[in-house]
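Please read the structure below before turning to the comments.
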Amino acid sequence: MEYINKVKSISIWVFIVPFVAVNACLILTTQFHHLHLIPDQYRIFYPFPYLDGGVSISRTARYFPTYLIFKPAMFFTSYLLIIYWLNNRKIINHFEENNKYKNKIVYFGIASAIALILHSIFLGIKFDYDLYKLFRRIIMFVFIVFEIVAQTYLVLALFSIKKKIDKHINETVLKIKLILVSVLIFVAAVSIPIISLPGDDFFGINLKFLKHALEWDYFLGVITFYLLTFLMWKKTI
């Protein structure tokens, strides 16, 4: 099927593009100080935020020249996501026209892509207004929630037609996708109260570093979903 091949090829780029872009921004901000690409006040010396939470993703990507990497990459990723969700609906529609999840996948998937575009546009723009800061947080929250909801509906849709697509997929990888989505939902549910806490200290725990590490690891989990998509579908002729 043409749609399967499209989804397979798009999904690997949805993983690669943001992964490379975000980590390129991290490397520029933390490792190449001698090149003087990053102004002194924006340089970070924490080595591995996936574990130590030394810096947030937006902190590495909002200044020149890193936003020249981050913003185009996120715009391109958003475009790929829209194509990805539309083609997934076509796949599901091919095997089961009355599938109850197929339209929900597109609604939430495209909404998450639009939220990512808005987040990228406003990243680095400075307005000292609490309402503007709240707006940026809401946009990021909407992206995460809608993305996870779209991924969840897609997994449910695939399981609902599993017998019809068994020749086209690796069933083990589909089960791994289900586990991944379940973990993302659980982590999100547990993390929201932590992220909402005022200040950066909670009974001696530095919440700032914890929030940053959670952000990096959650980002990796979200895009790993698309790597699994690439591994799940078998190439068709």
Checklist entry - Given 0.36 nm per residue, what is the gain on full extension from residue 190 to residue 217 after removing their alpha carbon distance, in nm? => result 8.3 nm
Checklist outcome for this item: For residue 224, the net charge from surrounding residues (Cβ-Cβ under 14 Å; K, R +1; D, E -1) works out to -1
Checklist entry - Between their Cα atoms, which of 6/208; 71/167; 100/211; 167/211; 8/71 are more than 31 Å away from each other? => result 6/208; 71/167; 100/211; 167/211
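All of the numbers you see were taken from the coordinates with simple rules; none came from a lab. Keep in mind that this is a model prediction, so the values were computed, not measured. A quick note on method: Cβ atoms are made from the backbone with ideal geometry, for glycine too, and the neighbour counts reach across all protein chains shown.
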